[in-house]
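S.K.: I'd like to ask some things about the structure below.
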Amino acid sequence: MSAFTFILVITAVFAFLVAECTLEQAKSSTFEQISYQVKNVPKEFIVKFYSKYFSDVRKSFIEARLLKENVLNWSIVSRHNLASFHPSDFDILHISEANGTLIEHILITVKAHPAVKSVVPQRYVQRFLSWNYNDTESFTYNIRHPQGVARDNHLKGVHSQHVSSSLHADVLWKLGITGKGVNVAIFDTGLTQNHPHFRNVKERTNWTNEKSLDDGVSHGTFVAGVIASSKECLGLAPDAELHIYKVFTNSQVSYTSWFLDAFNYAIYKKVNIINLSIGGPDFMDLPFVDKVLELSANNIIMVSSAGNDGPIYGTLNNPGDQSDVIGVGSINFDDKIARFSSRGMTTWELPLGYGRTGLDIVTYGSQVEGSDVRTGCRRLSGTSVSSPVVAGVAALLRSGASHKIDLVNPSSLKQVLIEGAEKLANYNIFEQGQGKLNLLKSMQLLLSYKPKISLIPSSLDFTSNYMWPYSSQPLFYGSTSAIVNVTILNGISVAGKVIGRPKWIPDLHNYGHFLKISTSYSELVWPWTGWMSVYIAVNREGQNYEGISKGRLVLVIESLPLGTNKSHQSEVALPLTIKITPKPPRHKRILWDQFHSLRYPPGYIPRDNLKIKTDPLDWRADHIHTNFRDTYVHLRNAGYYIDVLREPYTCFNPLEYGVLLIVDPEEEFFDEEIMSLEHYVYEKGLSVIVFADWYNTTVMRHIKFFDENSRQWWIPDTGGANIPALNDLLKPFRISFGDFVGEGHFKLGDHAMYYASGTTLVSFPNNEDDVVIGTNLLDQGESIITNGKSTNADSKHHVPIMGLFQTDLSSRLSTKEKFVRNTPVADDDSKMFEMPFDHTILKNRILLNDKSEKLTEGRIAVYGDSNCLDSSHMDKACYWLLTTILDFAMNSHKSMLLENLNGISEFKETNRKPLPMRISSSNLKKFSKVIRYIKNPILRCEELEWMVGTTYNMTKKIELELDSTAGNQYNVIANINSELGKITLNNDKQIADQFDFNIQISVLFMITLTLTVLIVFLLFVKGKFVFHSIK
């Protein structure tokens, strides 16, 4: 072989290896996306009762109220399904022709009946399944075109991924543990009759308006296969008894009432486990949420997917984010969190609090094999795949602990699952929950289980990366309190209560006395779960300390164990390990305004990027630990310390912070806040940075839809940001935004930028030292209004998008001028804004820290688009711009780049346009924290009751008296232990073999590379010698 041929062969080999790696990566990225469209059903309302009654009794309740008011245009919607033969706790009320006022009167009348718990709109849900192969190419499954489904089981080079073998389910099968006797209900798209993979389908029921029980989508069949297939692609519990509930049509449409009827029937049938491979952002569909609690109270174990909206934080779906449901995320077969897996805290508690760890556990959900719609297997990815994995495991666990069946409940099963889970390296609690599912370890734990109380998380260690974001920033004296929401799991009984108050025991040997601790908690622990919020701060004694502080919280819970009349008290401890640092300087401290952020639900808060039509709602809460997580990481890496403001502006000390950062606010502002901020900036040296978003009432009306319940058009309650409210806030500084919606790519110096649905400046101070920067943008608003048919769709407009302003007391507006709002809320009493300002609010919070020296006035910086900081649909990040603006706001330093781009002189010449008005049809007043209380403002600041530390006196642990276990329990445990030992040895051997293989490959590569270089060198020398010989 010649040297040249040798080089070609080596190159071909490496090219083949690279191609194989690329192909494998492409295949592994296939995943299922589920998006939802949720609407209210025209003229239909769910009437929820406190108890369950037969249909004629329920109708008599409604009839008694409406006939008394002489209301005749109503009827009860008949529901012809199996649940109709049993008592129910709801009816569907249909109201015929009526205007919005009459409908509201009818609903109030029905709600007044003492047997009625609530009256809410009937919900319509349409689910859209799609499978993405890469970031730029996707297709949606259509039942009329089955070839569109991602049936890639015949692809060459793709290794079979059997979940049952990866979780070592065969170990339990050999011991006779196969899911026998466990009733598993699957709420999905149905199952084909006599499917060859299933040997124990007990019942198929249809809750939709279709006639067929069969699965026309294939999603329900796949889910059932992961749980209980007995052929080809084996499920985890092949002998489990399947109860198929078809709650989605072949068009993937469902209604809340269908789920409620099916849930009630599941309670009557006494199913043990329900799998819900569904989810969505609406955690305020109260009938659905309440029914999930009732299912749990009836000892039904609920398993649900976390959602496929990753890798963005704050994307957990309901009901997987409920504490009494097992929420499941996805990993690949190489134990890495799947990119699509939803993550982050729950957003129910925002903006006034902090979210919970709604994600409980992760397991395989990428390229998993399951049953196809009629026969054979297919491969799918998504958290809706991971959910049935856990449901199948739950069935195995329950069948393997038949001698302890009375001890298996939603909490005890969750306890053994999370305690048996393995923590994954390099992932935090909000990404992996309590870790990777381990079937055999959980089986061990359940076989030796004794009822107990436990906590999620079991400890608060702020020094561990697993506890990000708590580990990302140490606490210090003067910082806002950190909040951790702890879930209480009661494995003893469905109901319990907290006895007394939690106790705080500081570890005096480890500086625990430097911590301040406060708690709030649910006194009643029901069903099976409760909660405790822990507030952590540093006291004055610790203001100069740097290091670790420790202590523990102790909680006592009283329960009534099953089968006894004697209550039992359990004591559970929560250890705390907290990082503390001395207070950083003011110019390194940022206060993030969370109080003025709103999200869906409950209101129609539209998307910030109008181009993203597939994600119409702003539902990720706009928190630094949700969709602005990457911005937070950037700021921390730059050395800044960020606190989160969960209350009005009158509640913080401006002398503690260099900058108040206001990003994408949708909320209104109290008059006291507007006046306080002006005071903070001019007299306390606080700087303000605003990143706004689009606002245009015509565009808002264009993205409306008709709600036949109220016979009105439902339009967004505000724009991407509440620009009229922002203009009121910034009026004392002569700054205002307009309603031009700009979009386009441009450059700031060498930095490529993208303006995604942003607003523009209308007015700005005209001082010589100030900076106004403009650029050429498309009129996206006009394009939307005209559906892209505008003749000027491609023409750009030069508009101002950013401004930097150094405030000066000499140019401060007069009192009379600055306290008049630009735009009062339409259709509301304007007097609600004419409220006196009580300066004692400031006196108590600020003047105690006032210094004798004069403070420099603060600075204002504004930019019209926040999408470049929002990870949700970011095109181009602008973290560099944020850092540049922060340098100006903190240190009064203007970068040469921005100085060179300054166009304030040309901005002076532009014509001033009218300011945008609030939209009169907005429902913001129904859920706004400001508008609801503006006549009687609740400006009480967060006042926590700090606990007094006490010494630790551990109560003697009292074990529950349980019957001795009969049968072969210990033999089963011994067999599992033996198999676990073999698996561990095998894994260690595989790791060692892989390590050796990697070394061999590296050595071979180096030898090959050396020989290649040597041969090339010899050829070069030979060629040079020949050349000289010829010469």
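S.K.: Could you go through the stretch 369-376 in sequence order and give the Karplus-derived ³J(HN,Hα) for each residue, using 6.51 cos²θ - 1.76 cosθ + 1.60 with θ = phi - 60°, rounded to whole Hz, and x for Gly and Pro?
M.R.: 8, x, 6, 8, 4, 10, 6, x
S.K.: Enumerate the amide H contacts of Lys117 below 5 Å, restricted to partners 5 or more residues apart or on another chain; note that Pro and chain-start residues carry no placed amide H.
M.R.: For Lys117, whose amide H was placed from the backbone, the distant partners under 5 Å are Lys48, Phe49, Tyr50.
S.K.: Can I ask one more? Can you say what percent of the DSSP beta bridges in the stretch 162-448, counting only those with both residues inside, are antiparallel? Round to 5.
M.R.: Within the stretch 162-448, antiparallel bridges account for around 20 percent of the total.
S.K.: State which entries of Lys48/Lys566; Lys269/Lys450; Lys117/Lys180; Lys59/Lys566; Lys796/Lys929 exceed 30 angstrom in Cα-Cα distance in the structure shown.
M.R.: Lys48/Lys566; Lys117/Lys180; Lys59/Lys566; Lys796/Lys929
S.K.: Right, here's the next one. How large, in percent, is the carbon and sulfur part of the accessible surface of the stretch 162-448 at a probe radius of 1.4 Å?
M.R.: Ligands and nucleic acids excluded, carbon and sulfur give 47 percent.
S.K.: Still on this structure, I have one more. From the protein chains alone at 1.4 Å, what is the descending order of accessible area for Trp526, Trp74, largest first?
M.R.: Of Trp526, Trp74, the descending order of accessible area is Trp526, Trp74.
S.K.: Also, I was wondering about something else. Mind listing the long-range amide H neighbours of Cys377? Cut-off is under 5 Å, sequence gap 5 or more, other chains count too, H placed in the peptide plane at 1.01 Å from N.
M.R.: Under 5 Å from the amide H of Cys377: Asp372.
S.K.: Ordered by residue, what ³J(HN,Hα) values in Hz, to whole numbers, does the stretch 201-209 give under the Karplus form 6.51 cos²θ - 1.76 cosθ + 1.60, where θ = phi - 60° and Gly and Pro are x?
M.R.: Values, residue by residue: 8, 7, 7, 10, 10, 10, 10, 9, 9 Hz.
S.K.: Determine ³J(HN,Hα), in whole Hz, for all residues of the stretch 335-351 in sequence, where each value follows from phi through the Karplus function 6.51 cos²θ - 1.76 cosθ + 1.60 and θ = phi - 60°; x replaces Gly and Pro.
M.R.: Whole-Hz 3J(HN,Hα) from phi for the stretch 335-351: 6, 10, 4, 5, 4, 6, 5, 5, 7, x, 7, 5, 10, 4, 7, 7, x.
S.K.: OK, next. Using heavy-atom solvent-accessible surface (probe 1.4 Å) with all chains present, what is the largest-first order of Tyr50, Tyr313?
M.R.: Output order, biggest surface exposure first: Tyr50, Tyr313.
S.K.: Here is a further query. For each pair in Lys436/Lys579; Lys611/Lys731; Lys211/Lys436, compute the distance between the two Cα atoms and list the pairs where it is over 32 Å.
M.R.: Table pairs above 32 Å Cα-Cα are Lys211/Lys436.
S.K.: Using alpha-carbon pairs under 8 Å, 6+ residues apart, how would you state the relative contact order of the stretch 453-580 in percent?
M.R.: In percent, rounded to a whole number, it is 34.
S.K.: State which entries of Lys43/Lys613; Lys404/Lys452; Lys231/Lys441; Lys231/Lys291 exceed 24 angstrom in Cα-Cα distance in the structure shown.
M.R.: Lys43/Lys613; Lys231/Lys441; Lys231/Lys291
S.K.: Within the stretch 453-580, what whole-number % of the accessible surface is contributed by carbon and sulfur, with the 1.4 Å probe and all protein chains included in the calculation?
M.R.: Within the stretch 453-580, the accessible surface is 49 percent carbon and sulfur.
S.K.: If you count only protein heavy atoms and use a 1.4 Å probe, how large is the accessible surface of His105, to the nearest 10 Å²?
M.R.: We get 80 Å² for His105.
S.K.: Taking amide H atoms as placed 1.01 Å from N in the peptide plane, list the residues 5 or more away in sequence, or in a different chain, whose amide H sits under 5 Å from that of Trp74.
M.R.: Ser96
S.K.: Let me ask something else about it. Rolling a 1.4 angstrom probe over the protein heavy atoms, how many square angstrom per residue are accessible across the stretch 418-566?
M.R.: Heavy-atom SASA per residue in the stretch 418-566 reads 39 Å².
The values are calculated or read from the model by the stated rules, or taken from the named source; none is laboratory data. Only a predicted model underlies this, so the values are computations on that prediction, with no experimental measurement involved. Side chains are part of the model used for accessible areas, which takes the heavy atoms of the whole protein and leaves out ligands, DNA and RNA. Shrake-Rupley method; radii C 1.70, N 1.55, O 1.52, S 1.80 Å.
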